[in-house]
Amino acid sequence: FACMPHQLLIGNETARRMLLPSPLVDTADWSHGVFAETYALLIKKVPPEILGGSFEFHTFVQAYLVLLTRTFAACGPEDHSLTHTLVPVADMLNHSTSPNA
């Protein structure tokens, strides 16, 4: 988690200056802010016995990134709501045993 590109920019003024005027700096700030606000809301609204005793900020961000990068999304047939589905092994289907295949 700590090595994720946006995390490396949070609080690291040297790295931030090197990347300016890249929009990556603004994106890192925005992402971190959204993650922090959403995490705070979850902690406030969801009982601790549901979240579990070790539901830390980095756990929340990791879970969100799994949802973002390892799920398939489909629109509901009636209300067009977006549903995310985690399909075991499906995210490995685009890999090959041959490098650069």
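Quick notes on this one:
- Counting only helices (runs of 4 or more DSSP H) wholly contained in the stretch 9-79, the ones carrying 2 or more residues that are under 28 Å from Met92 (Cβ atoms) occupy 23-45, 57-70.
- Scanning the stretch 58-96 for residues that are among the polar types (S, T, N, Q), at pLDDT below 80 and either within 23 Å of Gln7 (Cβ to Cβ) or in contact with a strand residue (DSSP E or B) (Cβ under 6 Å, 6 or more places away or on another chain) (or both) gives a single hit, Thr69.
- Filtered by the rule that a residue be more than 20 Å from Leu8 (Cβ to Cβ), within 18 Å of the chain's Cα centre (by Cα) and modelled with pLDDT of 90 or more, the stretch 28-57 gives Glu37, Thr38, Ala40, Leu41, Leu42, Ile43.
- Test: residue in the stretch 18-25 that is open to solvent by less than 70 Å² (accessible area, probe 1.4 Å), within 23 Å of Ala63 (Cβ to Cβ) and not basic (Lys, Arg): no
- Hits in the stretch 44-57 (condition: open to solvent by 80 Å² or more (accessible area, probe 1.4 Å) and either under 22 Å from Gln7 (Cβ atoms) or touching a strand residue (DSSP E or B) at 6+ places or on another chain (Cβ under 7 Å) (or both)): Ser54, Glu56
The values are calculated or read from the model by the stated rules, or taken from the named source; none is laboratory data. Keep in mind the model is a prediction, meaning the values are calculated, not measured. Backbone-built Cβ (ideal geometry, glycine too); neighbour counts: all protein chains shown. For the accessible areas, the whole protein counts, side chains as well, though only heavy atoms, and no ligand, DNA or RNA atoms are used. Shrake-Rupley method; radii C 1.70, N 1.55, O 1.52, S 1.80 Å.
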